[in-house]
Amino acid sequence: PYPTIFQLADAAGVHTCQVSAPDFQHTPLTKIALSGGTFHGRELGEDRMDLAADRLGAAGRSLVYTYYSEVDGNGHRFGVDSDEWRGQLMYVDRLAQRLAEQLPPRSALYVTADHGMIDIPFDPESRVDFDEDWELGAGVALLGGEGRARHVYA
């Protein structure tokens, strides 16, 4: 029900856009949380960084959001102790450096991660099912979070 930061910035005369993988253009998150400005889809990380730098320099005041999901994807797919995940971390480090080196004067670069990550084994012996163990429910008022890692409210 509230305007996004992109909508607020646009209303204040700030040029806004998002640069991400083309697959994200029509996702609910993009439509709701990131609406406003122009969406630019690019497959390659290098192309995303180059376009983000270009868009930052295209107007006097600009806000550009770019997203790279492959670190998260490889962590879920291969685990955080995998060469695939670590390779993506090193690649993202190079992408951030690439963007930083192209920033126009008076720009700021913020790099964030959406969450930490742990490996949760898929074998039945490693699973804990709250609904199958009555002792786990003692003193629990509410379960939250997601099925892979519950938040327990006492």
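Structural remarks
- Placing unit charges on each Cβ (+1 for Lys and Arg, -1 for Asp and Glu) gives the chain a dipole about its Cα centre, and among 22, 12, 90 the Cα reaching farthest toward its positive end belongs to 12.
- Cα→Cβ-extended label distance, 7 Å offset, between residue 109 and residue 94, nm: 1.5
- Each of the trypsin sites (Lys or Arg not before Pro) that DSSP puts in a loop and that has at most 14 other Cβ atoms within 10 Å breaks the chain; the longest unbroken stretch is 1-60.
- 3J(HN,Hα) along region 118-134: 10, 8, 10, x, 8, 6, x, 5, 8, 7, 10, 10, 4, 5, 9, 10, 4 Hz, from the Karplus curve 6.51 cos²θ - 1.76 cosθ + 1.60 with θ = phi - 60°, whole Hz, x for Gly and Pro.
- For residue 19, nonlocal amide neighbours, meaning residues 5 or more places apart or on other chains whose placed amide H falls under 5 Å from its own, are 40, 65, 66, 67.
- If you take the Cα centroid of region 79-95 and the Cα centroid of region 1-51, the two points sit 25 Å apart.
- Magnitude of the charge dipole for the chain, about its Cα centre and with charges confined to Cβ atoms of Lys, Arg (+1) and Asp, Glu (-1), is about 1060 debye.
- The phi-based Karplus calculation (6.51 cos²θ - 1.76 cosθ + 1.60; θ = phi - 60°) puts the 3J(HN,Hα) values of region 15-32 at 6, 10, 6, 10, 10, 8, 5, x, 4, 8, 4, 10, 6, x, 4, 5, 5, 9 Hz, whole numbers, x for Gly and Pro.
- Among the listed values (i) -0.50, -0.63, -0.93, -1.13; (ii) -0.43, -0.61, -0.98, -1.18; (iii) -0.45, -0.64, -1.09, -1.25, the one matching log10 I(q)/I(0) by the Debye sum over Cα atoms at q = 0.09, 0.11, 0.16, 0.19 Å⁻¹ as calculated from this structure is (ii).
- Apolar share of the accessible surface for the chain: 55 percent from carbon plus sulfur atoms, 1.4 Å probe.
- Solvent-accessible surface of the chain, averaged per residue with a 1.4 angstrom probe and all protein chains in place: 71 square angstrom.
The values are calculated or read from the model by the stated rules, or taken from the named source; none is laboratory data. Treat the numbers as computed from the prediction; the structure is a model and nothing was measured. Heads up, the Cβs are rebuilt from the backbone with ideal geometry, glycines too, and the neighbour counts pull from every protein chain shown. Heads up: the accessible areas ignore ligands, DNA and RNA and are worked out on the full protein's heavy atoms, side chains in. Shrake-Rupley method; radii C 1.70, N 1.55, O 1.52, S 1.80 Å.
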